[in-house]
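The values are calculated or read from the model by the stated rules, or taken from the named source; none is laboratory data. What you see is a predicted model; the values in this text were computed from it and never measured. When we count neighbours, we look across all protein chains shown, and the Cβ atoms used for this are built from the backbone with ideal geometry, even at glycine. Remember, those area values only see protein heavy atoms, side chains included, never the ligands or the DNA or RNA. Shrake-Rupley method; radii C 1.70, N 1.55, O 1.52, S 1.80 Å.
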Amino acid sequence: MSTARAEVPGAGSTGRPQPGFVRRCIFSTDHKTIGKQFLFMALFMMAIGGAMAMLMRWELAFPETPVPLMSWVPEPYMYGGAIPPNTYNSMFTMHATIMIFFVIMPILVGCFGNFLIPLMIGARDMAFPVLNMLSFWVGAIAAVILLASFFVTGGPAAAGWTSYAPLSAVPIYTGVDWGQNLWCISLIVLGISSLMGSINYITTIINMRTRGMTFFRLPLIIWALFITAILLLFALPVLSTALVLLLFDRLAGTHFFLPQGGGEPLLWQHLFWFFGHPEVYIMILPAMGIASEVISTFSRKPIFGYHAMAYAMGAIAFLSWIVWGHHMFQSGMNPALGSGFMITTMIIGVPSAIKVFNWLGTIYKGNIHYTAAMMNALAFVAMFIIGGLSGIFMACTPVDMYIHDTYFIVAHIHYVLFGGSLFAFFAGLIYWFPKMFGRMMNETLAKVHFWITLVAFNCTFFPMHILGMNGHMRRIYNPLQYDFLKPLQPINIFISISAFVLGAAQFILLANIIWSMAKGKRAGANPWRANSLEWTTSSPPVHGNWDGPLPVVHHGPYEYSSPFGEEDYLPQNVETPAKAAVAG
Amino acid sequence: MEIASLSELIRRFWLPQGISTYSPRIDFLFTLILCITALVWVLVTVTMIVFMIRYRARPGRTAAYIEGNPRLEVLWTSITAVILIALALLSRSTWADIKEQGPPGEVFYKVTAKQFNWEITYPGPDGKLGTSDDVTVENEFHVPVNKVVRFELTSKDVIHSFFVPWLRLKQDAVPGRHIHVWFEATKEGEYEIPCAELCGFGHSGMDGTLYVQSEADYQRWLKKKYAESR
């Protein structure tokens, strides 16, 4: 426990003048501003990644017909609005790269991590505020590099977000030259940004918890972000290493991944997925944390099995290092290894199931308030169940032999990353919006957005399981080139129409964000009557987070409907009268 | 939509017909996992919906103060673990039979993937691969029905993936590696061989045909091809 170190010199209500506009809004070292910067960058990137998804769905529903309103795009990217195969390959490559590295990670880790960690552990800022600012700006440079790759000759990377060598390692194989190099450089730069962030998160959570905030009084979102930061710290250097080797192969004539020089294509896959599977959990653990906060608050009930929830996340983090081979069952890796990875993969399903059961336990005998945040959090659980269960199919090596590289996998990842991570983002955004901006989001708009998104999401991604069961390969730009896929075309058209609705519905979210920031109902300090420390300060919090001394913590964050409290909630900084009497 | 295509569409809500000796074993595992996951999904989702309706906030209600139940945690952890590990153990032998050893081969080929075609090499009249009388054909893979086919799969450039949905067979073709693959087709017919791994701008459309033929038809075709190639 470290109370003395929790005071940041010069921060807080020390009477110092507010910094000027540039220091306050652009090169700010305030964790709250940096969190918002990550949010806005991610929303901007989400618009680009989403637009590419729409173009892909048009192509899959109406292959080789010009996309409406896109005839202005110059050749060779499009031909009078029609998408050629290489552009299609670039689109799914960039869609996934943007959504994974520049939307979900910046939102869940960058935005919520930065905004929430100091506020929820009772600190005035991050341990290293300047490093924190650098983390955002280095991340922004990575985004600019990635976007720049759209404008180089040959277009952006087209080897898939997994960039399997040798396809990615030799320019003539894809026809993409600097696009792929910039892809590598962008992700190396982003890796530096993430490392700076993760070191900061770990240091802050270990050293800067306020008095009374023991590890087992931390909200689960902080546990989630702590474990995520550890995963980032160990996983990203592996990706960076692989990317540097790939760049050497492309630019310096080495043969790390090229068999003609004695290299090994599967080495790339091992390195990539050794990073890639922890990465999957980097994108879902914070979402699980958000769901835990929101579900407990709006059930007005303690989270069920707090310790089991924390240990389950620890187990996921550990197991995530020994399951990577399940991406490589059909790769030519020794099939005996596949059996081992099948068992570890099956086992990693257990802690995820524990979490689902505990969320159900949390709403059991609760007093559930159906706010828009709660609806999104419950949808997260429901969609994560489907995404988790469909994962069992591909964990089973013989079944994976059939469904690997088909739309079954596309359905699975979107149930986990959209149904999971993004619904949790919606929940978290609505829940913490008042703390971020001092105003409530519009509930009606949020609920309209929720229902359309939920229905359109399922109409888009559930039928992809059916496509996958029929062997529909992923990453093909025209299903009509195959006789056996022609009868499935009505399903593809249905999916695309649903996807357009899903895409359009996100404008409701965008409008709600913009409108609510300017005109939303003013929020009090604790609009949801919640327990954790961020609700004990003003909305938005002052520079330094609390006027006066830091709050002192007396109990865990989930004391809802406690027999000791007079209300149905008991903030962490409020001493329980009855408990105090007993102790005294 | 026409009635014919509608019924065709409805038929597509299940796995396509399996035509290899191991396809029933894979379909069994698929169906088993589908039954288990569907049952779990119904139980969990129905429970969730019942809780959501029953425990909705109403005036005068308060939530129960329950922090957890260690016995329940142990129970659902162990049940989940037992089911999942049992599934893994059950799948192991199928996997080992398909990808680790398998029966001895009766006919042998070499399949080489390249951007964006499959090259199939057949043994000539001497019945041996790697001799000067070999015949190489693009995208046409003729095999006799009810014979154990073994082939060596490799690639000339990037990674491709040899996929025949009806065989339930998929295996990546990796440059620099020679991967041994086997299947035994049980039904005559023509089946597509798409590439399942992104291999460049021509990935979409990379498509061969597997011709499963009677022994006599197969021999006739092979002789004709051999004659053409000389």
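Tabulated results
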| item | result |
| --- | --- |
| Residue pairs, from the table B:99/B:147; B:128/B:223; B:99/B:223; A:301/A:519; A:447/A:521, whose Cα atoms sit over 22 Å apart | B:99/B:223; A:301/A:519 |
| Loop trypsin sites (Lys or Arg not before Pro), region B:10-94 (other Cβ atoms within 10 Å of the site Cβ: 14 or fewer; DSSP) | B:61 |
| Förster radius 30 Å - calculated FRET efficiency between residue B:131 and residue A:481 (Cβ-Cβ, nearest 0.05) | 0.25 |
| DSSP H segments from chain A that extend 24 Å or more along their own axis, Cα-based, with Kyte-Doolittle mean of -1.0 or above | A:31-61, A:129-148, A:178-207, A:220-251, A:265-282, A:335-363, A:372-395, A:443-469, A:489-519 |
| Over region B:107-229 - Rg/Rh using Cα atoms and the Kirkwood inverse-distance radius | 0.94 |
| Rounded to 10°, Cα long-axis angle of helix B:215-229 versus longest principal axis of chain B | 60 degrees |
| Pair residue B:75, residue A:566: separation of 7 Å Cα→Cβ label points (nm) | 3.9 nm |
| Cα-projected label distance for residue B:230 with residue B:56, points at 7 Å along beta-carbon direction, nm | 8.3 nm |
| Cα centroid of region A:336-366 to Cα centroid of region A:397-413, whole Å | 19 Å |
| Mean Cα-pair separation over length for chain A, i.e. relative contact order, pairs under 8 Å, 6 or more apart, % | 16 percent |
| Computed lengthening from residue A:494 to residue A:150, 0.36 nm per intervening residue step minus Cα-Cα distance | 120.9 nm |
| Amide hydrogen neighbours beyond the local backbone of residue B:192, cut-off 5 Å, H modeled | B:210 |
| Accessible surface of chain A [probe 1.4 Å, protein heavy atoms]: carbon and sulfur percent | 72 percent |
| FRET efficiency, 1/(1 + (r/R0)^6) with R0 25 Å, evaluated for residue A:448 and residue A:517 via beta carbons | 0.85 |
| Dipole of the protein assembly as shown, positive direction: furthest Cα of B:15, A:253, A:432, with charges on the beta-carbon | A:432 |
| Total accessible area lost when A and B pair, probe 1.4 Å, Å² to nearest 100 | 7800 Å² |
| Euclidean distance of C-alpha centroids, region A:72-149 and region A:163-199, integer Å | 14 Å |
| Relative contact order of region B:107-229, defined on C-alpha pairs under 8 angstrom at six or more residues apart (%) | 27 percent |
| Relative packing of peptides A:144-153, A:293-302 - highest average C-beta neighbours within 10 Å first | A:293-302, A:144-153 |
| Cα→Cβ-extended label distance, 7 Å offset, between residue B:6 and residue A:547, nm | 6.9 nm |
| Shielded by partner chains, region B:198-215 residues - at least 50 Å² of accessible area, 1.4 Å probe, vs chain alone | B:198, B:201, B:204 |
| Helix-only [θ]222 nm of the protein assembly as shown, DSSP H runs n ≥ 4, -39500 (n - 2.57) each, per residue, nearest 500 | -17500 deg cm²/dmol |
| On Cα atoms only, tilt of B:23-54 relative to the major axis of chain B in degrees | 20 degrees |
| Acute angle (nearest 10 degrees) that the helix B:70-95 long axis makes with the longest principal axis of chain B, alpha-carbon atoms | 10 degrees |
| Nearest-20 debye value, the protein assembly as shown charge dipole, Cβ charges on Lys, Arg, Asp, Glu | 2520 debye |
